[in-house]
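Enquirer: One structure coming up, written as structure tokens, with questions to follow.
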Amino acid sequence: MKSAAQVQNRLRPYIRRDAVFTCPVTKKPYQPIKALSGKSLAAIKAPASRPALFDAVPHPDGTENIAYADGHVKGNKAKSGARR
């Protein structure tokens, strides 16, 4: 999936609230890692360390949220363009 809208459409049947697709701090939709488009979880090596979604823009405090392919989320210091 190459856009936030595609991710939302694919996951919507499994998500109860659309708010999870949008960062509560920046109000922007989380963006997918385009290199993972079309890959199954089984095809991703080390999914616990492979970013799948990230904040569109850093938070005012210089951090960003990153959702990993295994489903966990961490806040990190923003690295401009590092995963895009």
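Enquirer: Scan region 14-46 residue by residue and report those that are surrounded by fewer than 18 Cβ atoms within 10 Å (Cβ to Cβ) and in a helix (DSSP H, G or I).
Expert: Within region 14-46, Tyr14, Asp18, Ala19, Val20, Phe21, Lys34, Ala35, Leu41, Ala42, Ala43 qualify.
Enquirer: Restricting to region 51-80, what's the tally of residues that are part of a loop (DSSP other than H, G, I, E, B), under 18 Å from Lys2 (Cα atoms) and touching a strand residue (DSSP E or B) at 6+ places or on another chain (Cβ under 6 Å)?
Expert: Result for region 51-80: 3.
Enquirer: In region 1-50, which residues are under 18 Å from Gly75 (Cβ atoms), touching a residue at least 40 places away in the same chain (Cβ under 8 Å) and touching a helix residue (DSSP H, G or I) at 6+ places or on another chain (Cβ under 9 Å)?
Expert: Residue satisfying the conditions is Gln31 alone.
Each value in this text was obtained by applying a stated rule to the coordinates, not by laboratory testing. All values reported here derive from a predicted model rather than from experimental measurement. Note that we place each Cβ from the backbone using ideal geometry, even for glycine, and neighbour counts take in every protein chain shown.
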